[in-house]
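This report refers to the structure that appears directly beneath it.
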Amino acid sequence: MGAPKSPRPKAPKKDLTYPLKARMGKENYFSKMMQTEEGRALRKQWSSKPKKNAGRPQGTPDGYTLEMITPIRNQAKADAERIVKIMASDNEIDDVYAIEALKAAVEIMREPGQNRDRLTAAKMVLDFTKIKPVAKSEIVVGKAEAFLESLLIADPEEEQTDDGPET
């Protein structure tokens, strides 16, 4: 069946500023509210209301909070600027949009995230900067044809030395 999936990475727990604030000499507001019918209805209304900012922000990878990923993204952006400047001068890329696309791809490669996204960005960078190798099938076909031609051309000496019975 294969190995079990590894659990997704999670951000470390934050220390609470006031962990026992509800118990400090007074009764908890919500437990007091749940003792009356009106309070229970109000609490149910609050609980069923959709949350505005539930979960981590969009675009933040698993295992990171927005505060943790921001300096990493800033560093990746600075690295991408420097790297693309070198790549553009080496490969003579003058198009502004091509340079901007390269910067975005290098940023994605430098940031932590899903491997599929990073590999797609790496492929795009290679397409911009490196020439694809020539197909080798043409060379192989030429060698195969030469081999078959050499088999068809019979040696005249071999025919004369053949003393076996004819079939």
Checklist outcome for this item: Mean separation of Cα contacts under 8 Å (at least 6 apart) over the residue count of region 66-129, i.e. the relative contact order in percent, is 33
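Net charge near residue 37: determine it from the other residues with C-beta under 15 Å of the C-beta of residue 37, scoring Lys and Arg +1 and Asp and Glu -1. It would help to have the intermediate numbers written out before the result.
Details: positive: 32, 40, 43, 44; negative: 38.
Charge balance near residue 37 sits at +3.
Round to the nearest 0.05 the FRET efficiency obtained for residue 116 and residue 3 when R0 = 25 Å and r is the Cβ-Cβ distance. Please list the in-between numbers first.
Numbers: r = 20 Å, r/R0 = 0.78.
The computed FRET efficiency comes out at 0.80.
Using a cut-off of 12 Å between beta-carbons, work out the net charge of the residues near residue 76 (Lys and Arg +1, Asp and Glu -1, residue 76 not included). Write out the running numbers ahead of the final one.
Details: positive: 73, 77, 82, 103, 110, 118; negative: 79, 81, 107, 111.
Neighbourhood net charge equals +2.
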Checklist entry - For the pair residue 16 and residue 36, what calculated FRET efficiency results from E = 1/(1 + (r/R0)^6), where r is the Cβ-Cβ distance and R0 = 22 Å, to the nearest 0.05? => result 0.15
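What FRET efficiency would be calculated for the residue pair residue 126, residue 79, taking the C-beta separation as r and a Förster radius of 25 Å, to the nearest 0.05?
Working: r = 18 Å, r/R0 = 0.71.
Result of the calculation: an efficiency of 0.90.
Expected output is a single nm value to one decimal: the length gained when fully extending between residue 150 and residue 51, i.e. 0.36 nm times separation in residues minus the C-alpha distance. What is it? Don't skip to the end; give the middle numbers.
Details: separation 99, 0.36 × 99 = 35.64 nm, distance 7.88 nm.
Answer, rounded to one decimal: 27.8 nm.
Since every read-out is calculated from the coordinates, none of them should be taken as a lab result. Everything quoted here is computed from the prediction, not taken from an experiment. All Cβ positions, even for glycine, are placed from backbone atoms using ideal geometry, and neighbour counts span all protein chains on display.
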